[in-house]
Each structure stands twice: as structure tokens, then as C-alpha cells.
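Asks: My questions will all concern the structure given below.
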Amino acid sequence: MSTRNPPHASGPLPPGQEHAAKGTNPLRRTSDRVESWLRGVLMLLLAVGLPVAALSAGTTAYESSLRTVRAQAAERQEVTARLTSDIDGVTTNGKRGAEVRWTDADGTERTGSTLVEPGTAEGAAVRVWVDRDGGLTSPPMNGFDASFAGWFVGGMAAAGVAVAYAAARAGACHLLDRRRYAQWAAEWDVVEPRWSGRHHR
């Protein structure tokens, strides 16, 4: 056998073959290349899609909540009401419902029920929020509520993109693994009889 280019010679490759053989792997299957390509694409989509989705969803939620804040601020006002009876005892949240009375801007006297601290004496002043119709309502949203909504929705959008990425990657790997197992089984059916010296009848 000639020693000029032995098939299993060790040492550096002959000149001109170094770049051609660099990065090649005879054991690398097509499915391995597909998996590597898919991972690269999914990582790119994750790197781009996650911040875009989070920013877009968060900004939309913040702006929507901010419009609600402005609308509620225009529609609701805080007034002083008077407690119509003493409040005794406590509840799990530390407050109890009580009847209060207040007077509208037009002089109309109104009554309603709101939560007050236990032990509040009859006739004590209680600040309540009323709507345009003069009925009791909850306090309006504020800027903090709008910011929280934006951050929360943005975070949920980012989490959704991350979950979609993980699911897509797991699904792709599962399908590729099934294909590899099928190929291995088919190849083993061909190789095993020759390897073991046994021939199928």
C-alpha cells in the first residue's frame, strides 16, 4: 500500500484540504442539520419576537388603561358622607358595610352603603366616591394602575412567546427524533443479520 496518501493517516491535512474539511462531520445526518437550522431560526424569532410582543402588548394595555383613568377621573368625584349608625365588630378584611348619607352638588340628599373601619362612630365623616348619577362607586384608577396593567400584560405576552418557543422547539425535536428512530430501525433490520451472521428466513 502506498504511504503517500494513506486512508487513515494522522497529522495535518495536505495543503488545499484544510478549509474544505473544516466543519464537516461524516456522522452528521440531514435531520441533525435540519434541527440545527430550526434552532437557529427559533432563537432568532425568540430574540426578536419576545421584546416586540412584550413592548407592543404592554404599550397597548398601558394606553388603554390610561384612557380609562382619564375617563373615570372625569366621571367620578370624591364627596364627604356621614355615617348613619355606629359600627361594631370586625370582618376578615377589617372593614364592614355601613349606611352613609351625603348631599349632591344640586342639594339632593342621598344614602348608600360603603365599607368603613369598625368602631367608627355615628355621624363621623367618611370620604366616598360617586359617579355622575350620584351613586356610590369605586375609586377611579390612577397612573399606577395603568402602569401595572402595562407591565403585567407585557410580561404575559413575553411569557407567551417564550412558551410558544419552547413548545415549537420540543415539537420539532420530537418529530425529528421519531424520524431518526425509524431510520435506525430500518438500518438495523438491514445490518443486524450481517453483523450477527444470522439471515432472516
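The values are calculated or read from the model by the stated rules, or taken from the named source; none is laboratory data. Bear in mind that the values here come from a model prediction, so they are computed numbers and not experimental data. Heads up, the Cβs are rebuilt from the backbone with ideal geometry, glycines too, and the neighbour counts pull from every protein chain shown. These area figures cover heavy atoms from the full protein model, side chains too; ligands, DNA and RNA do not enter into them. Shrake-Rupley method; radii C 1.70, N 1.55, O 1.52, S 1.80 Å.
Asks: Within segment 139-179, which residues are more than 20 Å from L42 (Cα to Cα), crowded, with 16+ Cβ neighbours inside 10 Å and within 10 Å of the chain's Cα centre (by Cα)?
Replies: V153, G154
Asks: Only one of these conditions is not met by A105: (1) open to solvent by 90 Å² or more (accessible area, probe 1.4 Å); (2) at pLDDT 90 or above; (3) closer than 16 Å to W129 by Cβ. Which number is it?
Replies: If we test A105 against (1) open to solvent by 90 Å² or more (accessible area, probe 1.4 Å); (2) at pLDDT 90 or above; (3) closer than 16 Å to W129 by Cβ, just (2) comes out false.
Asks: Please specify each residue of segment 116-127 satisfying the condition of being in a strand (DSSP E or B) and either closer than 13 Å to T84 by Cα or open to solvent by less than 70 Å² (accessible area, probe 1.4 Å) (or both).
Replies: The answer is V116, A125, V126.
Asks: Tell me, yes or no, whether segment 28-43 has at least one residue that is open to solvent by 90 Å² or more (accessible area, probe 1.4 Å), at pLDDT 85 or above, in a helix (DSSP H, G or I) and not aromatic (F, W, Y).
Replies: The answer is yes, given that some residue of segment 28-43 is open to solvent by 90 Å² or more (accessible area, probe 1.4 Å), at pLDDT 85 or above, in a helix (DSSP H, G or I) and not aromatic (F, W, Y).
Asks: Quick one: which residue in V100, V52, V41 is over 41 Å from the mean Cα position of the chain (by Cα) and β-branched (V, I, T)? Step through it out loud before you land on a result.
Replies: Details: V52 fails: over 41 Å from the mean Cα position of the chain (by Cα); V41 fails: over 41 Å from the mean Cα position of the chain (by Cα).
Exactly one of V100, V52, V41 is over 41 Å from the mean Cα position of the chain (by Cα) and β-branched (V, I, T), namely V100.
Asks: Could you give every pair whose Cβ atoms fall below 9 Å, whose first residue belongs to segment 37-57 and is within 18 Å of V153 (Cα to Cα), and whose second residue is open to solvent by 100 Å² or more (accessible area, probe 1.4 Å), counting only separations of at least 6 or pairs across chains?
Replies: Qualifying pairs under 9 Å: A54/M156; A57/M156.
Asks: Continuing with the same structure: For segment 85-102, name all the residues that are open to solvent by 40 Å² or more (accessible area, probe 1.4 Å) and at pLDDT 85 or above. Walk me through how you get there before you give the answer.
Replies: Narrowing segment 85-102 to residues open to solvent by 40 Å² or more (accessible area, probe 1.4 Å): 85-86, 88-93, 95-97, 99, 101.
Listed by number, the residues that qualify are E99, R101.
Okay, residues lined up against (1) part of a helix (DSSP H, G or I); (2) closer than 30 Å to R33 by Cα; (3) touching a residue at least 12 places away in the same chain (Cβ under 8 Å):
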{"position": "W129", "(1), (2), (3)": "no, no, yes"}
{"position": "M141", "(1), (2), (3)": "no, no, yes"}
{"position": "F152", "(1), (2), (3)": "yes, no, yes"}
{"position": "A168", "(1), (2), (3)": "yes, yes, yes"}
{"position": "L176", "(1), (2), (3)": "yes, yes, yes"}
{"position": "R179", "(1), (2), (3)": "yes, yes, yes"}
